[in-house]
Amino acid sequence: MRNVLDVLEERGFVEQITHREELRELLAKESVTFYVGFDATAPSLTLGHLIPVMSMLHLYRAGHRPIFVMGGGTTMIGDPSGKSEMRQMLAAETIAQNIKCFHSQFSRFVNFEDGSAIMVNNAEWLLDLNFMEFMREIGRHFSVNRMLSMEAYKSRLDTGLTFLEFSYLLTQSYDFLELFRRYNCRLQIGGNDQWSNIIGGCELVRKVEGAEAYGLTLKLLTTNAGTKMGKTEKGTVWLDAERTSPYDFYQYLRNIDDAYVESTLGLLTFLPMEEVRRLGSLQGSEINQAKEVLAFEVTKFVHGEEEAVKAQEAAKAVFGGGGTHDSMPSTTLSQALFQAGMDILTLLTELKLASSRSEARRLVTQGGITLGEERVEDIERTVTLEDFTENELIVRKGKKVYHRVIIE
């Protein structure tokens, strides 16, 4: 049987491993309990979270047991990794609500009912810790000099680093120790920006329990600019359909850079690697076929096949002249509003295509707004009933953002 670590490496997940050959041997001979932590800083997972989720599912399908660790405790501190300033402090009630949302989303992908996957909240063991006892048992194993050499802390020394954030490494490392004690958890997985935290956890388990523990970091989804993939001019790409519609989710993936198609297919789908490589090798306009497959497969995985079909049909209606507009983001407005005419700046703000009239004015003057097939060039342009076809009007912002206006 093929080793699941080989699968993860072939599909492009793996960045760093603490002890590759030892971990590979362990994964081959027994069912391994492993974990990924998710700090609950928002009420929804994002596209970037699919990387750890998919890696967990490959291990899960290979017979290993995942623990989804919700950061009810660590979120109250905030991970300084990759941050130029301290994270916003969230109320305990907000964190608890975010965790409920995470549970609902994770439940689409794994079965928490039969024990084959586990979800826990690190608030269970972090919130009631005695500070002095924690420092005596855990703090003595960490070198301040070494911590200051870690990029997460070193990069913040000039701008300011609070002791609160400085303690994050200790609390995340303690998570691994607690999970080892409770569930015999042997492996921690996280994004590549978590390497220092993961090393801290592995070493703590070895020092306190004398047991072997392993760490593995994952590739981050990034764009050509080096920013995390999933950020757009409209904001973050969320897995929550109320925050990012299935259509917008589909369109984001449909429009990724050609250079990222093959790697993203390997990471975010379960397609066989032979098919991933075939699609990734397509040239010229044919690469759009691969993008359509990518967008459909990932949208189906996150939102279900029905929503993926709707999103695909809506995209065909916009770009190919076929299909239906039904799944395009839309707003229904009263017909009466357009009898006398609505100025274009008001319409753009009403549709939330612009956050203010000044932004709307800039979009129009830069030629970034199209009504149907007409590019709007006049900020005094008035939209009337004559602009609608069968009670609908497609408004385009830039090249890729579409919105359907329906009148009734």
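Rule-based calculations on the coordinates, nothing more; no lab input. All values reported here derive from a predicted model rather than from experimental measurement. Positions of Cβ are generated from backbone atoms using ideal geometry, with glycine treated the same way; all protein chains shown enter the neighbour counts.
A Förster radius of 30 Å, combined with the Cβ-Cβ distance separating Asp114 from Gln283, puts the computed FRET efficiency at roughly 0.05. Compared with the dominant principal axis of the Cα atoms in the chain, helix 287-303 is inclined by about 70°. Translational diffusion coefficient of the chain at 4 °C, 1.567 mPa s, Stokes-Einstein with Kirkwood Rh over Cα pairs, in µm²/s as a whole number. Translational diffusion coefficient: 55 µm²/s.
Taking the charge dipole of region 330-407 about its Cα centre, with +1 at Lys and Arg Cβ atoms and -1 at Asp and Glu Cβ atoms, the residue from Val364, Thr382, Leu393 reaching farthest to the positive side is Val364. Taking Cα pairs under 8 Å and at least six residues apart, what relative contact order does region 4-218 come out at, in percent? Over region 4-218, the number comes to 28 percent. Taken over the Cα atoms of region 189-312, the convex hull encloses 142 Å³ per residue. Measure nothing fancy, just the Cα-based angle from helix 92-106's long axis to the longest principal axis of the chain, in degrees from 0 to 90, nearest 10. Helix 92-106 sits at roughly 80 degrees to that axis.
Taking the inverse of the mean reciprocal distance over all distinct Cα pairs, the Kirkwood hydrodynamic radius of region 245-319 comes to 12.1 Å. For Gln188, the residues whose amide H sits under 5 Å from its own are Tyr35, Tyr214, Gly215, Leu216, ignoring neighbours fewer than 5 places away on the same chain, with H placed 1.01 Å from N. When both bridge partners sit in the chain, DSSP labels roughly 50% of those beta bridges antiparallel. Residues within the reach of a label modelled at Val7 (point 7 angstrom out along Cα to beta-carbon, backbone nitrogen below 13 Å), restricted to region 243-275, are 269-273. The simple spin-label model puts a point 7 Å past each Cα toward its Cβ; for Ser356 and Asp257 those points are separated by 3.1 nm. With each label modelled as a point 7 angstrom along the Cα→C-beta vector, the Tyr183-Glu133 pair spans 2.3 nm. With the convex hull of its Cα atoms as the shape, region 4-218 has an orientation-averaged projected area of 11.6 nm². Measuring nothing but how far apart in sequence close Cα pairs (under 8 Å, 6+ apart) lie, relative to its length, region 245-319 scores a relative contact order of 43 percent. Here the gap between Ala92 and Glu22, fully extended at 0.36 nm per residue and compared with their Cα-Cα distance, gives a gain of 21.2 nm. Each of the trypsin sites (Lys or Arg not before Pro) that DSSP puts in a loop and that has at most 10 other Cβ atoms within 10 Å breaks the chain; the longest unbroken stretch is 3-398. Max-minus-min Cα coordinates of region 330-407 on each principal axis give 28, 23, 20 Å, with the largest extent listed first. Taking all Cα pairs closer than 8 Å and separated by 6 or more residues, the relative contact order of the chain comes to 14 percent. Extending 7 Å from Cα along the Cβ direction at Val208 and again at Val401 yields two label points whose distance is 4.7 nm.
Of the GluC sites (Glu not before Pro) found in region 361-402, those that fall in a DSSP loop while having at most 10 other beta-carbon atoms within 10 Å are Glu373, Glu377, Glu380, Glu390.
For the chain, the longest principal axis of the Cα atoms and the long axis of helix 20-29 meet at an angle of about 90 degrees. Near Ser116, within a Cβ-to-Cβ distance under 14 Å, what is the net charge of the other residues, with Lys and Arg +1 and Asp and Glu -1? Around Ser116, the charge tally is 0.
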